Amino acid sequence: MADQIINDNTAEKEIENPESGERKKYGTFAGVFVPTLLTILGVILFLRQGWVVGNAGLLGGIGIVLIAFLIVTFTALSMSCITTNIRIRAGGAYSIISQSLGLEVGGSVGIPLYLAQSFAITLYIFGFREGWLYIFPDHPALLVDLTVFGVLFLVAFVSASLAFRIQYLILAVIIAALLSVAGSVFTGAMVHEINWIGEFPGAPEDGFPGVSLWVVFAVFFPAATGIMAGANMSGELKNPRRSIPLGTMSAILISFVIYIAAAFWLSRVATPEELLTNYNIMIDKALWGPAVLAGLLGATFSSALASIVGAPRILQALGDHKIFPGGDLFSKLSKTGEPRNAIILTGSIVLATLMLRDLNTIAPLITMFFLITYMMINLVVFIEQRMDMISFRPTFPVPKFVPALGTLGCLFTMFIINPMLGLVAIGVVLAAYLYLTNRKLNIPYGDMRSGLFVSLAEWAAKRVSLLPENNERAWKANLLVPVRSARELRGSFSLIRSLVFPRGSVRLVGIASENNKEPLRDSLINLSASFLKENIYTRWSVIESENYTDSVLSSLQTLQGTFFRPNILFLRLPSSKQDDEEIHTILNKARANRMGIQLYVEDTVANLGRSASINVWLREKSPHWDISMDLGNVDLALLSAYKLRMNWKADLRVITVVDKDEVENAYKYLENLLSVARLKGATPHVEIGSFKDALQSAPQADVDFFGLPEDPDLDEFRSYVEFTKSACVFVADSGNENILA
């Protein structure tokens, strides 16, 4: 009897345990929050926000901060949404984009992102040098740069753990700097009237030629572009699905409050003329200037440190997927899990750019690459939201306007800062995409591209055929429904509709005798029209035959080559046993053709009841209770139940039956399964004792899902309706479904 519960055999490939392995993993605070916060609280805060407020006034300055943070907040929300929908791998933004839009798109963004991250290290070193020379003006600039680079490279080469420990010290320094700024409030420094609206005179080095709001915005915006610092460490996090949203959003919120408070403080401690002409106004007006100067040095050093630790992780992920020739060399990890080869190449790039002594000409291009990355993350969520694919069920959902505004905001900012460089950056990404398309990369995981192309237009069919055939992430229910009588289909119409809505399809195959052909044809036309009214893509055909079994098998085999290929055979089990032998034959042939199966046994008294609750029965997993990437005969049942739950707005229970001493293990297993499958709100339930007793004692549902064994007792299946007092669906996977996708 236990064979009739969904088979959940252990597979060879286990789900990655974030707590296991030799590599040290980091939590939300150390791995995401601190590096993100320290990167956002950078040189702009200490050296340029006063100039921003001096030009724009307090209201204008707050408006600039608000616009910049709105754009990156939308991006961070989109990033949080998508990271809770995928098992994000190493590479941060590259991993997010490539898992959704494919390696070609991910690589075309990932390569310039890596270069931008590497060049940014040089810019941060230059920023540190400026602060250092403020204290020690006689020190040789090149020597300062090389010394700082040497320290950064050594820290990154030793381990990310050392970098994180240093960032705690830097965090303390920056907190001390902010406290020194806040402490000036008690010394009577805030004596000036607030200049609410500025006149935008410009910068002193240009002779105050006058500037626009957007020029000032372009100067400030890089301050807000540190939101990927934590996500870049995705491969080093214990639980990236939790840590990236929580750490990133917390860092953005706190830094936003700090920037707004700093704008108010600056408008009260200095005149607009002082703010415009003195870039060190924050140092001069603080309670203790050296603390702010130390904060400036710490901010630039921490930003450089986060980048020199994060950039090699992007390169390692690119190399792991052979995005560029010779990538294997940079995908290798040391025994402690450090991408040493990638760190050496990154260090070489930084050292070479240090020798150039001036990166001002390409600094805006670096910002462009960051903005393109942010735009693509928003675009990924925007597309996924509108495709309504079953694999898109993030545990951190966001409203549909968020990625739309994030995409437009990033595009707007690119062309506000520098339209020409914006076009150059887009051209670089397109060139990289064309190059990678010709590389014919081996895609190690499914993505949503095939579903996207099908949704866009029929012309995409050729492109879809080039993608992986069994795309778990783009899976949707396409039912093949044999029909002998329209009357029997009417009873299951509601169930079929709920199993496929909104993006699935139904293929009705009428099997009629010569005398019944025309009436059945008319009935199928009406039923097809009814499905279409429910926004279900439906096609129908009639086969004239006296042999039901042969007709079903012919349809099953013939339709395998069609564009909208059915992937589930939906059968209704008659109340009488006279057709059991032919149903056995059909089930066996469907398995042989790798078709999923849904065998529906109707409750003739209650039908589908109130359509308010669903039970899924799983086979018990003692003694090991392992979750693996291949869950066995579980995926289609859970996906089908999830579809019903969404369309019915019903309660979902996942049930297993165990001995008394396995109850605790069973609950832990079910809770873990529901977590990794992202079935938020589903309820685990454990029954004790025999399976038949459990059928009667378990909470009643309107439909119960069970596994379909290899050699089923169909008459016994009919008795399940009496035991459960509900409709029952017996399910067999095809092997192409994956609830974890």
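Bear in mind these aren't lab numbers, they're just calculated from the coordinates by the rules spelled out. Computed from a predicted model, the values in this text were never measured in an experiment. So basically every Cβ, Gly included, is an ideal-geometry build from the backbone, and we count neighbours across all protein chains shown.
Projecting the Cα positions of ILE197, GLY406, GLY61 onto the charge dipole of the chain (unit charges on Cβ atoms of Lys, Arg, Asp and Glu, taken about the Cα centre) puts ILE197 furthest along the positive direction. The distance linking segment 32-90 with segment 621-688 is 40 Å (Cα centroid to Cα centroid, whole angstrom).
Placing a pseudo-label 7 Å from each Cα along the Cα-to-Cβ vector at PHE264 and ASP579 gives an inter-label distance of 7.4 nm. Only lysines eight or more places from LYS533 in sequence, or on another chain, were considered; those with a Cα closer than 23 Å are LYS476, LYS643, LYS649. Neighbours of TRP648 by Cβ distance under 15 Å: Lys/Arg scored +1, Asp/Glu scored -1, total +2. Helix 240-269 and the long axis of the chain differ in direction by around 30°, with both axes built from C-alpha atoms. Close amide-amide hydrogen proximity is noted between TYR26 and LEU237, LYS238, each under 5 Å apart and 5 or more residues distant or on a separate chain (H modeled in the peptide plane; Pro and chain starts excluded). Each residue of segment 120-137 was assigned a 3J(HN,Hα) from its phi angle through the Karplus expression (A = 6.51, B = -1.76, C = 1.60, θ = phi - 60°), giving 5, 4, 4, 4, 5, 5, 4, x, 5, 4, 4, x, 5, 5, 5, 8, 10, x Hz with x at Gly and Pro.
Using +1 on the beta carbon of Lys and Arg, -1 on that of Asp and Glu, and nothing else charged, what's the dipole of the chain about the Cα centre, debye to 20?
Charge dipole, the chain, about its Cα centre: 1200 debye, nearest 20.
The helix-only estimate of mean residue ellipticity at 222 nm for the chain, built from DSSP H runs of length n ≥ 4 each weighted as -39500 (n - 2.57), is -18000 deg cm²/dmol after division by the residue total.
Taken along the Cα-to-beta-carbon direction at a fixed 7 Å, the label points for ARG357 and ASN438 span 3.9 nm.
Across all directions, the shadow cast by the convex hull of segment 172-266 built on its C-alpha atoms averages 9.1 square nanometres. Between ASP206 and VAL257, the FRET efficiency estimated from the beta carbon spacing at R0 = 30 angstrom works out to 0.40. Rounded to whole numbers, the Karplus 3J(HN,Hα) couplings from phi for segment 69-74 are 6, 4, 4, 6, 5, 4 Hz, using 6.51 cos²θ - 1.76 cosθ + 1.60 with θ = phi - 60°, and x at Gly and Pro. For segment 290-299, the Karplus equation 6.51 cos²θ - 1.76 cosθ + 1.60, evaluated at θ = phi - 60°, returns couplings of x, 5, 5, 4, 5, x, 4, 5, x, 5 Hz by residue, with Gly and Pro reported as x. Rounded to the nearest 20 debye, the dipole size of segment 475-598 about its Cα centre is 700 debye, using +1 on the Cβ of Lys and Arg and -1 on the Cβ of Asp and Glu. Label zone of PHE412 (point 7 Å out along Cα→Cβ, amide N under 15 Å): in segment 191-230 this covers 213-215, 217-218, 221.
Taking amide hydrogens as placed 1.01 Å from N in the peptide plane, the amide H of GLY91 sits under 5 Å from those of SER234, GLY235, each at least 5 positions away in sequence or on another chain. Sorting the segments 649-658, 188-197 by their mean number of nearby beta carbons within 10 angstrom, highest to lowest, gives 649-658, 188-197.
Which angle between 0 and 90 degrees, to the nearest 10, do you get for helix 419-439 versus the longest principal axis of the chain when only C-alpha atoms count? Long axis of 419-439 versus the principal axis of the chain: about 40 degrees.
The order of the peptides 323-329, 663-669, 401-407 by mean Cβ neighbours within 10 Å, most packed first, is 401-407, 663-669, 323-329. Rounded to the nearest 10 degrees, the inclination of helix 486-500 to the longest alpha-carbon principal axis of the chain is 20 degrees. As a calculated quantity, the FRET efficiency between ASN535 and GLN700 at R0 = 25 Å, using C-beta atoms, amounts to about 0.20. The eigenvalues of the Cα gyration tensor, multiplied by 5 and square-rooted, give segment 475-598 an equivalent ellipsoid with semi-axes of 20, 18, 14 Å from largest to smallest. Taking label points 7 Å from Cα along the Cα-to-Cβ direction, ASP659 and MET646 give a separation of 4.0 nm.
Dipole magnitude for segment 602-741: computed about the Cα centre from +1 point charges on Lys and Arg Cβ and -1 point charges on Asp and Glu Cβ, it is near 780 debye. Name the long-range amide H neighbours of VAL703: under 5 Å, sequence gap of 5 or more, or other chain; modelled H, no Pro or chain starts. Close amide H contacts, sequence-distant or interchain: SER613, ASN615.
Once you order the gyration tensor axes a ≥ b ≥ c over the Cα atoms, which shape class does segment 602-741 get: rounded for a/c under 1.5, otherwise prolate or oblate by comparing a/b with b/c? In terms of gyration-tensor shape, rounded.
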